[in-house]
Each structure stands twice: as structure tokens, then as C-alpha cells.
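Following: one structure in C-alpha cells, then a few remarks.
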Amino acid sequence: MIIGILALQGDFIEHIHMLEKLGVKTAEIRKPGELDQVQGLIIPGGESTTMMKLMHSFGLIDPIKQFAAGKLPVWGTCAGLICIASNVHNPDSTPMETLGLMNITVTRNAFGRQVDSFETTLQIAELQDGPFPGVFIRAPYIEKAGKGVEVLAALPDGRIVAARQGNLLATSFHPELTSDSRLHRYFSELIPV
């Protein structure tokens, strides 16, 4: 098994380190043909608008859509969650193109600016052994989970911060910035053997 990490921008290195800690092989994805060698894909945190522009420039939009349509797992974290959403609410009302993979509506920068970043513990339905450390940095949240979407975690005020739809996983926080590898293990177990 090899998991690809979209390596155009953002914190892809941290995902690579987390997967290597689990003994999972990784590949940095920058060109469409590189998707052929992987069985799962992580779209990391970073800046979603920049990431979408770079995916266009590198010809990755349709190949990633085909990858997900082929039932191979795709995980979007923070900005990656925005990229895989079907609908995005922008604070400045600017329309945003996405990959449109997951039946969710997302609000960008939902918790405020960089200085409003925070950490909290989360109860994640699919994980055993206690709460998970959630690191939120200029994070989005899932405003609406549509048909076929399973909510995995929400904040005490009800804002959804983790969800799954079949082979698609979305987290508004950064599990790669913690020492807890359970979500990376969970994602790797979604990959068909």
C-alpha cells in the first residue's frame, strides 16, 4: 500500500512523517500520472484557493476526481476539506471552485483569524482509546452534511469537524500536527487490500 499526499502547497511533509511512523509507504503527488502508483490520497491543510489554482496548473483536477470516483480513499484536512466539499461559504462572499467530491457545505475560516487558532479534545466516533487532540488553525467547519455523509465528530456547540462519505474522509483540524496517529491509521484501513 502507498498513500499519496498532494504536495503542491501546505503541510504535506507532516502527513508523510505521520504515515512513515505507522510504517506506511508514501508518495508526493504533483503530476497526474503519479496518482497511478497510490491507493489513497491526502489533500493537506494549507491555503485552499492557492491549492485549487495549483491543481489546475498541474492538470490534477480531473485525475483527482477520477481517483475518488474509482472508490479509492481521499482525505481532506483543513484546506483539503474545503477542496473536496461540494459547497463553500466564503466570509468575503467570493465564489470558490472545489473538487466537489463530498456532499458537504463548508464555511471557510469559521473560527476567525490565525490568532484565534485553538486546540481541544474531540470524541471521534470511529476511534477507540479516548478523545483525539484537535488542532484548529484558521479552520473551516462543516455547516451541512448532506445525504450519505456520516458525522464523525462535532464540537460541543454542534459544529461538525469530521465526517465520512464512503471512501471520502474530511477533518477541519490538523491531525498531522499532533503525536496521535489514530486518524492516519483509520484512513489507511479504508484502503482496499
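Here are the numbers for this structure:
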read-out: Single match in VAL161, VAL151 (criterion: touching a Ser or Thr at 6+ places or on another chain (Cβ under 6 Å), within 26 Å of LYS65 (Cβ to Cβ) and in a strand (DSSP E or B)); value: VAL161
read-out: Residue ID - modelled with the highest pLDDT, chosen from residues in segment 106-120 that are β-branched (Val, Ile, Thr) and closer than 12 Å to PRO140 by Cα; value: VAL106
read-out: Residue check, LYS65 among the basic types (Lys, Arg), closer than 27 Å to SER181 by Cα and either part of a strand (DSSP E or B) or under 18 Å from the mean Cα position of the chain (by Cα) (or both); value: yes
read-out: Residue match in segment 4-17 (condition: more than 25 Å from THR178 (Cα to Cα), surrounded by fewer than 16 Cβ atoms within 10 Å (Cβ to Cβ) and touching a residue at least 60 places away in the same chain (Cβ under 8 Å)); value: no
read-out: Number of the condition not met by THR50 [criteria: (1) of a type in the set (Ser, Thr, Tyr); (2) out of contact with any Ser or Thr (no Cβ under 9 Å at 6 or more places or on another chain); (3) not in a helix (DSSP H, G or I)]; value: (3)
read-out: Search result, residues across segment 169-186 that are touching a helix residue (DSSP H, G or I) at 6+ places or on another chain (Cβ under 6 Å) and within 12 Å of LEU19 (Cβ to Cβ); value: PRO175, GLU176, SER181, LEU183, HIS184
read-out: Leading residue by the ranking (surrounded by the fewest Cβ atoms within 10 Å (Cβ to Cβ)) among those in segment 164-193 that are without any contact (Cβ under 8 Å) to a residue 60 or more places away in the chain and part of a loop (DSSP other than H, G, I, E, B); value: SER179
read-out: Qualifying positions in segment 63-96 - at pLDDT 90 or above, of a type outside the set (Gly, Ala, Ser) and more than 23 Å from THR26 (Cβ to Cβ); value: ASN87, VAL88
read-out: Filter result (within 26 Å of VAL88 (Cβ to Cβ) and touching a residue at least 40 places away in the same chain (Cβ under 8 Å)) within segment 19-55; value: GLY40, ILE42, ILE43, PRO44, GLY45, SER48, THR49, THR50, MET51, MET52, LEU54, MET55
read-out: Test: residue in segment 52-72 that is closer than 12 Å to GLN9 by Cβ, crowded, with 21+ Cβ neighbours inside 10 Å and of a type in the set (S, T, N, Q); value: no
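The values are calculated or read from the model by the stated rules, or taken from the named source; none is laboratory data. Just so you know, these numbers come straight off a predicted model, no measurement behind them. Please note: Cβ atoms are built from the backbone with ideal geometry, for glycine as well, and neighbour counts cover all protein chains shown.
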